[in-house]
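Report on one structure; see the data block that follows.
The values are calculated or read from the model by the stated rules, or taken from the named source; none is laboratory data. Keep in mind that what you see is a predicted model, and the values were worked out from it rather than measured. FYI the Cβ positions are ideal-geometry reconstructions off the backbone, even for glycines, and counts take in every protein chain you see.
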Amino acid sequence: MLQGNELPRVGAPAGAATREHFERKERCVARGITHMAPIVIESARGAVIRDIDGNLYLDFYGGIGVANAGHCPGGVVETIRRQAEKLLHSCFMVAGYTPYVDLAEKLVEITPGDGPKKAMLVNSGAEAVENAVKIARAHTGRPGVIAFEASFHGRTLLTMSLTSKVKPYKHQFGPFAPEIHKVPSAYCYRCLFGASYPDCGLACLDYFDRFFTAEADPTEIAAMIIEPVQGEGGFIVPPPEFLPGLREICDRHGIVLIADEVQTGFGRTGRLFASEHYGVVPDLITLAKGIASGLPLSAVVGRAEIMDAPTPGRIGGTFGGNPVACAAALATIGEIETQNLCARARHIGEFLEGRLRTLQKRYPQIGDVRCLGAMVAAEFVTDPDSKTPAKEIPGALIAACFRRGLLVISAGVFSNVVRFLPPLVVSDEQLEKAAGIFEEAVEEVLGK
């Protein structure tokens, strides 16, 4: 049985069972559902994945930010077992059960803000975003929503409309939802205004004066939705003044500020929620991914008077707040708190950022290194002067890492970013090994 502290061990060729899996997948799974790594997972624990051929991999994508407390944490697994023996499902909208209310109380307690708050539970990040927009519209009576370039908010119609990367997420899937407005994000490495921080005066905030004159009347805007760190966009960390500036703009115009913390929440950035780094209290916050160690669950949490705007029956869903998922979430939050995984995230980030910046001095193709806690990324370019996205490098690096037993994935609106999302329980020895593997991969792909 995996302990979770093992180091990578690869070399076993794909066996008959692996080949059969991919043959079966080709026959019965839609082509749009892809695999990044050509393996079939047998088990996982901590920061380690074992495939059915016996190979061990260090997992530095963490289920795309889901396994913050590690794969199969023992206390969470036991909690799931106990709850599954009592109640699998009843639909909370028909008959209540305590895990839903227990989790709602916990989320109200730990999310930013001291005033009265309430929560609702659904199944996925996209559902949480959709419901947050519905709630904001019900509260304000306005239709418009402001989103940011380089954002990702989901794959449903509304959340695709909010998302800002055409391929693969939006291509040929339109027409999209109306009353969605896009504005530039604080992507300082690729500033659309040609400015440089900190001498820019935050032109991305000043732009709103023009936007509210030329593009949209603020009295028609219900909500502004922002990822405190843009995830799929390439782990874009904004300047510290950016989110407070958005908070001021929203307050001035009566706009609901929604923080999409689907990927940044539950300790990932070194605080329980990334909004806390900026001293900003959002009106609504959307949560998913790291909430329940992999069970489908998401939440919208926010100011009580806003959350109560939809009248009874207007929000919810059959599976929303499933009792087993709620129990898993409470146990996962307990793991994050008792193991002080926020502090661990800060340590992970400092270590990985340091190693990447050392590499950057040797390889100018590493155009930018970005980090907030254990949300770490390197953006690759053809050269540092033109900053032309080097889209072919991440794929080659991911493949080189895979051959050595390290699983990482790409990101970026230009598909030129490698990102690291390791479980926060990863050991120092595993961190050192992963960094060494990535350095070897960079040497292989970019040359010594």
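Values as computed for the structure displayed
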{"quantity": "Test: residue in segment 423-444 that is touching a residue at least 12 places away in the same chain (Cβ under 8 Å) and among the hydroxyl-bearing types (Ser, Thr, Tyr)", "calculated": "yes"}
{"quantity": "Selection within segment 214-249 - in a helix (DSSP H, G or I) and not aliphatic (A, V, I, L, M)", "calculated": "218, 219, 220, 242, 244, 245, 247, 248"}
{"quantity": "Residue in segment 262-279 that is assigned by TED's automatic domain parsing to the domain that holds residue 152, over 25 Å from residue 352 (Cβ atoms) and of a type in the set (Val, Ile, Thr) present", "calculated": "no"}
{"quantity": "Residue count, segment 341-391 (criterion: of a type in the set (Phe, Trp, Tyr) and either touching a strand residue (DSSP E or B) at 6+ places or on another chain (Cβ under 8 Å) or at positive phi (or both))", "calculated": "1"}
{"quantity": "Count of segment 250-264 residues which are assigned to a loop (DSSP other than H, G, I, E, B) and in contact (Cβ under 8 Å) with a residue 60 or more places away in the chain", "calculated": "5"}
{"quantity": "Residue in segment 47-69 that is at positive phi and exposed (fewer than 14 other Cβ atoms within 10 Å of the Cβ) present", "calculated": "yes"}
{"quantity": "Tabulated pairs, segment 188-202, first in contact (Cβ under 8 Å) with a residue 12 or more places away in the chain, second surrounded by 13 or more Cβ atoms within 10 Å (Cβ to Cβ) and of a type in the set (A, V, I, L, M), C-beta under 6 angstrom, 6+ apart or interchain", "calculated": "193/203"}
{"quantity": "Some residue of segment 354-370 being within 26 Å of residue 292 (Cα to Cα), crowded, with 18+ Cβ neighbours inside 10 Å and touching a Pro at 6+ places or on another chain (Cβ under 9 Å)", "calculated": "no"}
{"quantity": "Matching entry among 295, 272, 287 (being of a type in the set (A, V, I, L, M, F, W, C), surrounded by fewer than 24 Cβ atoms within 10 Å (Cβ to Cβ) and closer than 21 Å to residue 323 by Cβ)", "calculated": "295"}
{"quantity": "Among (1) crowded, with 24+ Cβ neighbours inside 10 Å; (2) at pLDDT below 95, the one test that residue 413 misses", "calculated": "(1)"}
{"quantity": "Counted residues, segment 337-347 - those being buried (at least 24 other Cβ atoms within 10 Å of the Cβ) and either more than 15 Å from residue 431 (Cα to Cα) or in contact with a helix residue (DSSP H, G or I) (Cβ under 8 Å, 6 or more places away or on another chain) (or both)", "calculated": "1"}
{"quantity": "Test result for residue 419, surrounded by fewer than 24 Cβ atoms within 10 Å (Cβ to Cβ) and in the same structural domain as residue 36 (by TED's automatic domain parsing)", "calculated": "no"}
{"quantity": "Segment 292-314 - residue that is farther than 19 Å from residue 99 by Cβ and β-branched (Val, Ile, Thr) and, of those, modelled with the highest pLDDT", "calculated": "306"}
{"quantity": "Hits in segment 164-181 - residues which are within 26 Å of residue 213 (Cβ to Cβ) and in contact with a Ser or Thr (Cβ under 6 Å, 6 or more places away or on another chain)", "calculated": "164, 176, 177, 180"}
